[in-house]
Ligand code: SF4
């Protein structure tokens, strides 16, 4: 996983609530057995509408998605994270995320930023400005900054637990971390009752 | 089940199961939880196995892991065990689906994991076969790369969906670093009226709590109406916990649970059964346990529910009309309703009973069990599926199919003009040949009415099996009492 400390880029406003992972990437795109190439399927149905925000040339090359309440609920498909990353997104900002998506994102290296609804609205407005200003997502300082434009000077702090932040900033592989506690796992296994089910 | 209980004081059921699975806890870090059962299917696992291979890792406990083919498999043309995946006789015609199923077979073999391939007597939807085999038991921790893993909580297990990176983590370590969610009690007092099912109950709960209302919680369903549900009804309720954002849904095990489990292939037997039951009886929230949130629902006030929009929280009693977005006070909810009605092709004020459907789907991990098929068959017996309506009945597993055929349900369906299929996820998600065409409208017993969920441009109304069957007969959303 690539370490994440700070990222500056342009934002795309997605003014919808309850965007489920079926919208982020429909099931028909989930058949690939690799982790790459899912950008094609990102918001596949909506991308057919010419007015859809990702189809507007002014957002070409944007790297931060600013979404509404309950972003990425529903299906556990990590493909939703891979599709956003493959498309070029580095961070997603929303007032609340589906739990599984938020977990998946932090495992894959896409930063999910939970931000107060009012700040999200301001960022969406900033992204709609002409020309849209660049936004900085600073994981080190745990804040979002709008550097220029009408909303220039805005600093919005966000919360993220220390452990997840540390893992993201170091780009650490969870499995490696867990395997350092192999002894504890084996010790636990030794205490499991014999009647517990086994599949074999 | 392991080690002494850490904390004193009253605890919820979720807290008890959690505490008994903590391998390691440290300040400022997530707990490392031991996983008792890992269910695997073809869609969310290939990249996880690739990750293991790339790192030279093995599956730590193949004996606590099981795999099935469900999402991609067609539900026609499967004649029995040994049906070919490749070559002329293969029912899987989509080459990409075939590759995915092939990858699972290869991975299961390489990593020594028991797999139930399509056509096998043990094959079925991952959340149907776990309970059916008795692998799902009270007090276990269960994960699967699938959000509806919450289903297994109906038997008193702590079960939740995970993503592919976590699937790889569990394969490699049989553990998962997890932050303990908050707890919520949903108490359903009273008794469900005649004609109101577990599906109606959970749709009503989601409408009440809101699609994000369970975010960050493990929910425990309690109260007289929950106790009165059959095991299969409880599985339906817990299945949809994720539809209001809950991490997991739980029901404390009781005689209904033990009765259901007894004699199943993986359930303990003899003296071990007694030891297990004695332990299972301790799995209830302490009387004075404190939940972080509490919700109460009055069962007696419920009626058959249907969804009108594009998320499961957009549901109303069947007797209601399509809501008017302009009359919704919350701006976000009003905008969402407007989008939903445009997508669904519905006009505000239309009575739900006037909504015509093209397709009826009975199946999925929500309502693809024997009692669901019985409920649908009971309505269809002696009746006909309306002209121009296509009805698919898809058992959740090959075992459900066998049992249904044993009691002749398949004949009731085919005589009525419905299609009787083999087991799989089928039209629950548009990943195999069973799909809606653009603009087509369905009444479906599945769990998601998201845009495009059943096929691009398809429109879904979530309903119970009985409402699905009645709708098939009239061609419009209907309850059995309307016939
Ligand atoms: S039946 Fe539907 S919800 Fe259940 S596992 Fe299959 S696709 Fe997922």
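Any read-out appearing in this document is the output of simple, stated calculations on the displayed coordinates, not a laboratory observation. Because the structure is a prediction, the values reported are computed rather than measured. Cβ: placed from backbone, ideal geometry, glycine included. Neighbour counts: every protein chain shown.
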query: Can you give the extra length, in nm with one decimal, that the chain gains between residue A:5 and residue A:36 once fully stretched, where that is 0.36 nm per residue apart less the Cα-Cα distance?
result: 8.9 nm
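How much length is gained if the chain between residue B:26 and residue B:55 is pulled fully straight, taking 0.36 nm per residue apart and subtracting their Cα-Cα distance, in nm to one decimal?
On the way: separation 29, 0.36 × 29 = 10.44 nm, distance 2.66 nm.
Once the chain is fully extended between residue B:26 and residue B:55, it gains 7.8 nm.
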- prompt: What is the protein assembly as shown by shape, rounded, prolate or oblate, if you read a ≥ b ≥ c off the alpha carbon gyration tensor as root eigenvalues and call it rounded for a/c under 1.5, prolate for a/b larger than b/c, and oblate otherwise?
  reply: rounded
message: If you take each beta carbon of peptide B:240-247 and count the beta carbons of other chains within 10 angstrom, what is the mean?
response: 3
message: With angles folded into 0 to 90 degrees, how steeply does helix A:99-108 sit against the dominant principal axis of chain A? Use alpha carbons for both and round to 10.
response: 90
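Just to be sure I understand: of the beta bridges DSSP finds with both ends in the protein assembly as shown, what percent are antiparallel, rounded to 5?
Working: 24 of 79 bridges.
Percentage antiparallel, nearest 5: 30.
How well do other chains shield peptide A:184-191, expressed as the mean number of their Cβ atoms within 10 Å of each residue Cβ? The partial results should precede the final answer.
Details: counts 6, 9, 2, 4, 11, 8, 1, 5.
Mean partner-chain Cβ count within 10 Å for A:184-191: 6.
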message: Please report Rg (one decimal) and Dmax (integer) in Å for the Cα set of chain B.
response: 21.7, 64
task: Mind giving me the nanometre distance, one decimal, between the label points for residue A:192 and residue B:301, set 7 Å out from Cα along Cα→Cβ?
output: 4.5
message: Nearest 5 percent is fine: what portion of the DSSP beta bridges confined to chain B is antiparallel?
response: 20
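With an 8 Å cut-off on Cα pairs and a minimum separation of 6 or more residues, tell me the relative contact order of the stretch B:64-131 in percent.
Working: 83 pairs, mean separation 32.3, N = 68.
Averaging sequence separation for qualifying contacts and normalising by length gives 47 percent for the stretch B:64-131.
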The stretch B:70-196: C-alpha gyration tensor shape, a/c 1.5 cut-off, then a/b vs b/c: oblate
field: Separation of the residue B:227 and residue B:356 label points, Cα + 7 Å toward Cβ, nm
entry: 4.8
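Using a/c under 1.5 as the rounded threshold, could you call the stretch B:338-454 rounded, prolate or oblate? The axes a ≥ b ≥ c are square roots of the C-alpha gyration tensor eigenvalues, and prolate needs a/b larger than b/c, oblate otherwise. Kindly include the intermediate steps, with their values, before the conclusion.
Numbers: a/c = 2.28, a/b = 1.57, b/c = 1.45.
Judged from the Cα gyration tensor, the stretch B:338-454 comes out prolate (a/c at least 1.5, a/b above b/c).
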field: Length-normalised contact order for the stretch B:117-215 - Cα pairs under 8 Å, 6+ apart - percent
entry: 15
query: Where does the Debye-calculated log10 I(q)/I(0) of the stretch B:294-359 sit at q = 0.13, 0.17 Å⁻¹, using only Cα point scatterers of equal weight, no solvent?
result: -0.39, -0.65
- prompt: For the residue pair residue B:288 and residue A:128, what label-to-label distance in nm results when each label sits 7 Å from Cα along the Cα-to-beta-carbon direction?
  reply: 5.4
- request: Give the distance, in whole Å, between the Cα centre of the stretch B:315-389 and the Cα centre of the stretch A:167-185.
  value: 46
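Okay, helix-only estimate at 222 nm for the protein assembly as shown: each DSSP H run of n ≥ 4 adds -39500 (n - 2.57), divide by all residues, round to 500 deg cm²/dmol; what do you get?
Working: 23 runs with 210 residues, N = 683.
Counting only the DSSP helices, I get -8500 deg cm²/dmol.
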field: Sequence of B:106, A:31 once ranked by neighbouring C-beta atoms within 10 Å, starting from the fewest
entry: B:106, A:31
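Find the relative contact order for the stretch B:1-146 and round it to a whole percent, using C-alpha pairs within less than 8 Å whose residues are 6+ positions apart. Don't skip to the answer; put the middle values down first.
Values: 193 pairs, mean separation 44.0, N = 146.
Computed value for the stretch B:1-146: 30 percent relative contact order.
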query: Against the longest alpha carbon principal axis of chain A, how many degrees, from 0 to 90 and to the nearest 10, is the axis of helix A:117-128 turned?
result: 50
